[in-house]
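Rule-based calculations on the coordinates, nothing more; no lab input. Note that this is a predicted model, so its numbers are computed, not measured. With ideal geometry, Cβ positions are generated from the backbone for all residues, glycine too; neighbour counts draw on all protein chains shown.
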Amino acid sequence: MRVIVWGINYAPEFTGIAPHNVALCEYLRTHGHDVEMVTSFPYYPNWRKHTKDLGKLYRADSINAVPVLRCWHFVPARVSALKRILHEGSFVFTSTFRALFLPRPDVYVVVSPPLLLGVAAWFVGKLKRAPFVFHVQDMQPDAAVGLGMLKQNWFTRVLYGLEAFAYRHAARVSGITRGMLAAFKSKGVPESKLIYFPNAIDLGRGEVAPARGEFRKREGFAEDDFLAVYAGNLGVKQGLEVLLETAAMVNDQRIRFLICGDGAQREVLAARAREMKLPNFSMLPLQAGPDYPALLVDADVCFITQQSGAGNSFFPSKLLGLLAASKPVVTVAAPECELALALREGNFGVNVPPGQPRELAAVLDALAKDPQKLAEYGAAGRRYVEQFEKSRVLENFVDELAGVL
């Protein structure tokens, strides 16, 4: 097959959606398919382009033998609703022109967000006479309304209209969770068009884990500190303020809260932490390369948090890496959302509803005194994550692509 994957994120970005786009492209290439990636210049998660990319309209790269066709897009220094629209719209505009001048593929795989890529893929596909699969990583309208970022008005009706247009004209609609597929069905997408395509992880690398203590020594944490860690994007959807409130309420003085990451809310969180003068709270940059495995080895428990109202509109892919590393997980999420349901199914940690810092503090105080329970959660998570092994997930999806043809 000849496949064009079209999405805003790709390597060298190493967090968020990019690694999953990389996994798909490289799997297609190594299994004999002709694949190209149409994407932006790297910017995520710190929302800054590299200096060498500034002012560039287009560029062609090759990463692990995958042609990567980069397109200019606006990247705001501070993210707001309007600037995010301009950010995504600019990429859709420039990448559509790029896609129009590429040889016709057998199928496009269009990764949303941006939501507007669905319309662009329909337009290009009509001219090229090629179908597209609309792969949804984040149900943007539902997330924005659920989180209170947008109110129900004419603008949200436009967004839902664009969403319905993409679903209607796509040859297939894929989602990363079963909850997303149920949401698609409720929006009128027939079951015959649905594909379950979860994010995946490579469990067979056989890499040697860093020695325990390297990260603690480098960052000044004691051997007996109980490290409760959040690592990843610092955005509105994560609702990370609850960790600051919890840090002020724990009783066990060994518990140290650590946020490692970058994103739109970093400065807000840092300012709030300074205001609260928390002795047991620290912030570090996003840990990249070998620094991230070193962080995981030394973490006693890892957080995944979601703001109230997030529902099933997105699913934090960082969960897979934590479970693969046998880390016990404490989630902050609505009990009915996909993240909390996964935790209950896998029994790899504890969930606390959003807005309950006192309950979260009690959970951490208890876990800090129960190494046996932590070990049980870690082992359960390692078993649970095996269903998301990369080769199995990607083989199934590529079979679905062949079925589209």
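The charge dipole of the chain, taken about its Cα centre with unit charges on the Cβ of Lys, Arg, Asp and Glu (plus for the first two, minus for the last two), comes to roughly 1320 debye. Across the stretch 214-387, the mean sequence separation of Cα contacts (distance under 8 Å, 6 or more residues apart), normalised by length, yields a relative contact order of 24 percent.
Please list the equivalent ellipsoid semi-axes of the stretch 309-405, computed as the square roots of five times the alpha-carbon gyration tensor eigenvalues, in descending order and whole angstrom.
30, 18, 8
Placing +1 on the Cβ of every Lys and Arg and -1 on the Cβ of every Asp and Glu, with no other charges, gives the stretch 214-387 a dipole of roughly 120 debye about its Cα centre.
Summed over qualifying helices (DSSP H, 4 residues or more, each -39500 (n - 2.57)) and divided by its residue number, the chain shows a 222 nm mean residue ellipticity of -12500 deg cm²/dmol. Sites count as exposed loop sites when they are GluC sites (Glu not before Pro), lie in a DSSP loop, and have at most 12 other Cβ atoms within 10 angstrom; the longest stretch of the chain without one is 1-206. Across the stretch 355-361, coupling constants 3J(HN,Hα) worked out from phi with the 6.51/-1.76/1.60 Karplus curve, θ = phi - 60°, read x, 10, x, 5, 5, 5, 4 Hz, and Gly and Pro carry x. Candidates A23, V3, F93 compared by Cα position along the dipole of the stretch 1-94: farthest toward the positive end lies F93, with charges placed on Cβ.
Placing unit charges on the Cβ atoms of the charged side chains and taking the dipole of the chain about its Cα centre, the candidate lying farthest along the positive direction among A273, S62, S308 is S62. Extending 7 Å from the Cα toward the beta-carbon at both N396 and R272 defines two label points whose distance is 3.7 nm.
Less than 5 angstrom separates the built amide H of D262 from those of G232, L234, L286, all sequence-distant by 5 or more or on a different chain. Give the cross-link partners of K327 among the lysines, using a straight C-alpha distance below 18 Å as the criterion and excluding same-chain residues fewer than 8 apart. Filter leaves K318, K369, K373. A compact globular protein would have a Cα radius of gyration near 2.2 N^0.38 Å; the ratio found for the chain is 0.98.
The distance from the alpha carbon centre of the stretch 22-77 to that of the stretch 328-405 is 30 Å, rounded to a whole number.
Sparsely packed loop sites in the stretch 220-319 (the trypsin sites (Lys or Arg not before Pro) outside DSSP H, G, I, E and B with at most 11 other Cβ atoms within 10 Å) comprise K277. For the chain, the longest principal axis of the C-alpha atoms and the axis of helix 117-128 are separated by about 30°. A cut-off under 11 angstrom between Cβ atoms defines the neighbours of S95, and their net charge, with Lys, Arg +1 and Asp, Glu -1, is +1. Only bridges with both residues in the chain count here: give the DSSP antiparallel percent, nearest 5. Looking only at bridges with both residues in the chain, the antiparallel portion is about 15 percent. For the stretch 1-151, a simple Cβ point-charge model (Lys and Arg +1, Asp and Glu -1, everything else neutral) yields a dipole of about 500 debye relative to the Cα centre.
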